[in-house]
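Each value in this text was obtained by applying a stated rule to the coordinates, not by laboratory testing. Model, not experiment: these values are computed from the prediction. All Cβ positions, glycine included, derive from the backbone under ideal geometry; neighbour counts span all protein chains shown.
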Amino acid sequence: MLRIALYVCPQTVCSSLSMAQDAFSLANRLAGAPRFVLQRFSLDGEPVHLEFAQIQVDGGLALAEQADLLIVPATGSAIGRTLESNARLLPWLAQRSGQQLASLCSSAFLLAAAGLLDGRQATTHWALADAFSRHFPKVHLRSDLLLTEDGPLFCSGGAQAGLDLCLHLIALHAGEWLAQQVASAMVIERQRGTQTRFAPLLPATDDSTLLPVLTWLREHHAEAIDLDRLAQQAHCSVRTLLRRFRQATGLTPGDYLQRLRISRAQQALADSGQSLEQIASQVGFADRASFAKRFKQLCGETPGAFRKRTQRGT
């Protein structure tokens, strides 16, 4: 049997902890015999008070050292507070070379802070990707992926992606058949694609001076638009426009326009029965091929797959 230790700290997200426990407990029941031994641990071996509950644990770090697999459930988006509160955990984590370690969502920051992810692939919630890259430039962050596996280290993206990682670990240690049975019982598909499908295409901005330009772009997105024309709308030079646009959105005007067009195409795919050719032309693409290529790049799936998924309500 595989011994699994789940870390609990004051920042632990209850749903992430319970999701992991449910997945492996269900695997045991469906297998007809225990395949996984689950235990919880904290820094000092004492119960942990979370926002909604007091979580009992089975021991402290000494207990976790006997496990085959350590799982760190999500710890929320207050990264600085989490790292400070768990400072004692980091040197201990750094010494866990003989164990498999898995982070769910934001807890990838703890593995990275311990130096475990340097030079390795990892992922976390797409909304935390920029902060993660700034803090840990030596990590090969793949925020487009739902999960990563690099040697004995596993990471998952946001929220539900933690379940994808648990299923992956079940398949790795007990076989794909059992992982599929757990997925079916929990009503979740295996191999659900990438996080790219869920990240918003258009960045939010609070730059009020740029809002009229963005509004104009939304009204004219299907037209041929060059930088000179856009700069006229912004009442500034092209150079100033490029600088302001990058500062406010993190994108060039051209990249923003492409994302705007694909965003409008998503609406049309979900809400209408128009052909791909009609939608491509409607949002400003010259042909279906260029539209489909850009859609796949930005959304992580084809227009047809997006339409099928959204129109069936999954």
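Observations, loosely collected:
- log10 of Debye I(q)/I(0), alpha-carbon scatterers only, for the chain at 0.08, 0.14 Å⁻¹: -0.46, -1.06
- Cα-based helix-to-principal-axis angle, 14-31 vs the chain, degrees rounded to 10: 60
- From phi via Karplus (6.51, -1.76, 1.60), per-residue ³J(HN,Hα) for segment 111-123 in Hz, x at Gly/Pro: 5, 5, 5, 7, x, 6, 9, 4, x, 10, 6, 7, 9
- Between segment 252-294 and segment 150-197, the alpha-carbon center distance in angstrom: 31
- Enclosing the Cα atoms of segment 211-311 in their convex hull gives a volume equal to 96 cubic angstrom per residue.
- The angle between the Cα long axis of helix 211-220 and the main principal axis of the chain comes to about 70°, on a 0 to 90 degree scale.
- Net length available on complete extension from residue 68 to residue 297 is 78.6 nm, with 0.36 nm assigned per residue and the Cα-Cα distance removed.
- Listed residues 137, 75, 14: farthest to the positive end of the dipole of the chain (Cβ charges): 137
- Rounded to the nearest 20, the size of the Cβ-charge dipole of the chain about its Cα centre is 680 debye, with Lys and Arg at +1 and Asp and Glu at -1.
- Magnitude of the charge dipole, segment 180-314, Cβ model with Lys/Arg +1 and Asp/Glu -1, debye to 20: 460
- Prolate/oblate/rounded call for segment 92-181, Cα gyration tensor, a/c under 1.5 rounded: oblate
- Loop-located chymotrypsin sites (Phe, Trp or Tyr not before Pro) in segment 1-91, at most 10 other Cβ atoms within 10 Å (DSSP): 52
- Burial ordering of 107, 42, 77, 133, fewest other beta-carbon atoms within 10 Å first: 133, 77, 42, 107
- Rounded to 10°, Cα long-axis angle of helix 238-249 versus longest principal axis of the chain: 30
- Residue order, fewest to most surrounding Cβ atoms within 10 angstrom, among 105, 14, 155, 9: 14, 9, 105, 155
- Percent of beta bridges antiparallel (DSSP, segment 2-196, rounded to nearest 5): 25
- Choice from 178, 101, 242 showing the highest fluctuation, given a GNM over the chain with Cα pairs closer than 10 Å: 242
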